[in-house]
Amino acid sequence: MKVLIADDEEIIRFSLESILQELDSEVILRFAANGRALIEEFRSFKPDLVFVDIRMPLLSGLDAIEEVSGENQDAEWVVLSGHSEFSYAKRALSLRVREYLLKPPDPLEIGRLLSEVKTKLQQNRKERRELFEQRMQGILNNTLSPEFYDDSGRTEEMAGMLICYDPARDDKEMLDGQRQLSRKIREILATRVQGVWALLGVSDGSSLLVGTGKSAVSGQHEVRQEIKRISTDLSVQLIECEASVGPTKFFEGMRNLQAVIPLRYLFSKHESIEAEKLYRVSRAPDGEMLLRLCSRLETLLLQMDELEPDEFFHRFAELHSLWESQFALLAPYQTAFLDNLRRILNDESLCILGGETLKSIQRIYHGSLRRNGATELVSKAEGIVRRRFGESIGVAQVAEELGVSPNYLSARFKQGKGISFTAFITEIRLKEATRLLSDPGRSVKSVSAQLGYLSSRHFTRIFKERYKISPSEYQSRYGIR
């Protein structure tokens, strides 16, 4: 609870601070010593409860209440005064002040008041969440126009994320896990997260978590971390929707996002995915093919229990053939996509396919897995070269670091890159050499040593073979003066 204490007497501020912290160690306090400071703190701090002295410098407490009370109707006001004049009490009541207490503050009265305000705040927040959830679910289900919500003056920032479950599993254990996760999420939203949030059901079986207000947008990271923490036993992906102002724009963005949702299968489970990442993939030259591929995978997952074994195998083989046709081009996504195929093969529902069909599918999968392993090996080797080309390094050293034989690495590297391992190292070194030689202050010998060559004569010979001029001639002709 956030509490603002406005009083020009330091002893009263100190006394109230001590009482409140004794009653609730988690209370957050701010202070003001005059009426103008009260208004500034009220607007920036947005307190739940305000203790106000009547007679303060610059502006009286009651005048300050009158100026800002309409800005946050949930705030509770309590007047603390050393004066019991009826006129003060009457005006305080007209301003809908909750209590009119005489100084010095009584700890028992403050304790009762704190308890009542907490209860009311919890009830108000619960009612706001329920109303917000009803309206957002109505908009999502097309039974309520988002323009109705916007026209009511509610144009706060909105943030959200889709909670996508594994469609391959619809068993009782999985459904129970989803219901338990939903209950835990609601508990977190009610007690530990700022802003107004709602958990909505989407027709495709996923859940949409949507929040409104700046605190909801800024608290999105906290919500994401909490969901990841409590969903470790479930196959869950979180897709962060783009923040926008008002539900009209937010749900327009949701509709656009749903069109590219199948692309989530290119990313690992338990990974948080920003919507923009899916849009970038969809806009890439191969984006349409990727979307078609992932949509097929999703359809296969959803229909797993309905297809006959032969039909399932036929569709799986088609899916695999499409992916294999673009294997080299789409290497960055291989690991995550194959992991999704592995989940299909490990699902209990595949038992209905029969032993021979299942073995055929697994042979296809493990063939892809071996090729994917080779792709990863080449990628790792390339990374080592780019980091350490300045050392005296060759295929033997890199192979040892990766735990494979030099012959195996050489063969896989040539197959994956279309260039030998030695030629690749040379190409990287020579490209760096042209950059270094543009500095006329560098000697050929120092450049040679920096690039990992033990002999400057050997470096000169290789450079001349590649560029048809010697390093010193290149430096003389192209060096920056």
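Just so it is clear, none of the values below were taken in a lab; they were calculated from the coordinates. Just so it is clear, the model here is predicted, and its values are computed rather than measured. Note: ideal-geometry Cβ built from the backbone for every residue, glycine included; neighbour counts use all protein chains shown.
A few comments on the model shown:
- Charge tally around P57: other residues with Cβ under 10 Å, Lys/Arg +1 each, Asp/Glu -1 each, net +1.
- Extension gain for E10-S203 works out to 63.6 nm (0.36 nm per residue, less the C-alpha to C-alpha distance).
- FRET E, pair H221, R280, Förster distance 25 Å, beta-carbon r, rounded to 0.05: 0.75
- R0 of 45 Å, Cβ-Cβ distance E130-L59: FRET efficiency to nearest 0.05: 0.75
- Once both labels are positioned 7 Å from their Cα atoms along Cα-to-Cβ, the gap between N141 and K228 label points is 3.3 nm.
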